[in-house]
Amino acid sequence: MGFAVGYGLIRYGNRSIFYDISEEVLRKIREKGYQVSNNLEKLIQDTDIIFICVPSENTLYEYDDSIIFELTHQLRRVLRTASDSKILVYKSTVLPGTMRKVADTLGNMRWQHFLVYNPEFSRERSAINDFLHPDRIVIGIEEKIEEAKRILNSIYLPFGAPMFYVSFPTAEIVKLWSNIALATRISLTNFIGRICEKIDVEPEEASRIVHMDRRLGDYGSEYGRPFAGKCLPKDLKAFIQFLDSIGIDSSFLREVRKVNVDMGGR
């Protein structure tokens, strides 16, 4: 996601500097002709906006926000030396309440800088194109809104997409809702498809006809394919666990996940 964001911003006339702890990642980006840095303190001094694009999963592809908080602690230390206010834009998919915890982790630094949650709605295989051509831009922010709007509008208005300034939890749930809706559509197709096979109906033919309905579109219309990749399985499982933790019945989403597992997914 990080390269897609940096590249996309360059395409719209901005200057991007790529930072990563991996020298191999930086080498590949440098070879493509882009500016890179491995010095976070100097990078922050030289930039106005920091887009934070780190994974929210572990090596088992399960939800894990520890990297987000490790980096936030690092930013808190480095921001003490910043000569002017910075905008910190978090892009990772997170559970509701995470951004307020990030704000608490930043401590006094949150009042000297802007904290923003700007989730990305992109597919793994077309991240650059999806970033360049968004359906909507969602920006969660809770302090110094008007000043931040002025700066963020200057970046995002050229993208030509509707912009929504909302609270942190609203932005968090919009991102999760989107991913869970996509997962549910795929599982619904597979659930009905299995019924078709039981009653001697060709599932692919039936699905193709159903999804000619303009209200539905063709997303998730291919029977027999579970949702895969890193995001949908991880986010669905994490949201189920979140619902359980706050005492909300998650049985519907458990069934969505069960259908996916039965079809060979995670």
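The values are calculated or read from the model by the stated rules, or taken from the named source; none is laboratory data. Treat the numbers as computed from the prediction; the structure is a model and nothing was measured. Reconstructed Cβ throughout: ideal geometry from the backbone, glycine too, with neighbour counts over all protein chains shown.
Yes/no per residue for (1) at pLDDT 95 or above; (2) closer than 15 Å to Tyr156 by Cβ; (3) surrounded by 16 or more Cβ atoms within 10 Å (Cβ to Cβ):
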| residue | (1), (2), (3) |
| --- | --- |
| Trp111 | no, no, no |
| Phe114 | no, yes, yes |
| Tyr117 | yes, yes, yes |
| Ala127 | no, no, yes |
| Asp130 | no, yes, yes |
| Ile139 | yes, yes, yes |
Please work out which one of (1) of a type in the set (Gly, Ala, Ser); (2) touching a residue at least 12 places away in the same chain (Cβ under 8 Å); (3) part of a helix (DSSP H, G or I) is the condition Ala161 fails and give its number.
(3)
For residues that are assigned to a loop (DSSP other than H, G, I, E, B) and touching a Ser or Thr at 6+ places or on another chain (Cβ under 9 Å), tally how many sit in segment 246-264.
1
Are any residues in segment 96-119 closer than 27 Å to Arg136 by Cα and either out of contact with any strand residue (DSSP E or B) (no Cβ under 7 Å at 6 or more places or on another chain) or assigned to a helix (DSSP H, G or I) (or both), and if so, which ones?
Pro96, Gly97, Thr98, Met99, Arg100, Lys101, Val102, Ala103, Arg110
Screening Glu147, Glu143 for residues that are among the acidic types (Asp, Glu) and assigned to a helix (DSSP H, G or I) leaves only Glu147
How many of the residues in segment 194-218 are assigned to a helix (DSSP H, G or I), out of contact with any helix residue (DSSP H, G or I) (no Cβ under 8 Å at 6 or more places or on another chain) and of a type outside the set (D, E, K, R)?
3
State all residues of segment 195-224 that are surrounded by fewer than 15 Cβ atoms within 10 Å (Cβ to Cβ) and in contact (Cβ under 8 Å) with a residue 24 or more places away in the chain; if no residue qualifies, say none.
Tyr219, Gly224
Give segment 21-44 a look and list any residue that's of a type in the set (D, E, K, R) and at pLDDT 90 or above, or say none.
Glu23, Glu24, Arg27, Lys28, Arg30, Glu31, Lys32
Would you call Thr59 outside any loop (DSSP other than H, G, I, E, B) and of a type in the set (S, T, N, Q)?
no
Got at least one residue in segment 229-245 being at pLDDT 90 or above, acidic (Asp, Glu) and not in a helix (DSSP H, G or I)?
no
Based on what the data block shows, is Phe159 under 18 Å from Ile49 (Cβ atoms), buried (at least 20 other Cβ atoms within 10 Å of the Cβ), modelled with pLDDT under 95 and touching a Gly at 6+ places or on another chain (Cβ under 9 Å)?
no
Any residue in segment 166-173 that is under 19 Å from Phe252 (Cβ atoms), surrounded by 16 or more Cβ atoms within 10 Å (Cβ to Cβ) and within 16 Å of the chain's Cα centre (by Cα)?
yes
Residues that are under 22 Å from Gln45 (Cβ atoms), polar (S, T, N, Q) and surrounded by fewer than 18 Cβ atoms within 10 Å (Cβ to Cβ): does segment 142-155 have at least one?
yes
Filter segment 53-106 down to the residues that are polar (S, T, N, Q), surrounded by 14 or more Cβ atoms within 10 Å (Cβ to Cβ) and modelled with pLDDT of 90 or more and list them by number.
Thr72, Ser92, Thr93, Thr98, Thr105
Arg100 is checked against (1) under 16 Å from the mean Cα position of the chain (by Cα); (2) under 25 Å from Ile240 (Cβ atoms) and fails just one. What number does that condition carry?
(1)
Of the residues in segment 103-153 that are among the acidic types (Asp, Glu) and free of Cβ contacts under 8 Å to residues at least 12 places away in the same chain, the one that is farthest from Ile49 (Cα to Cα) is Asp104
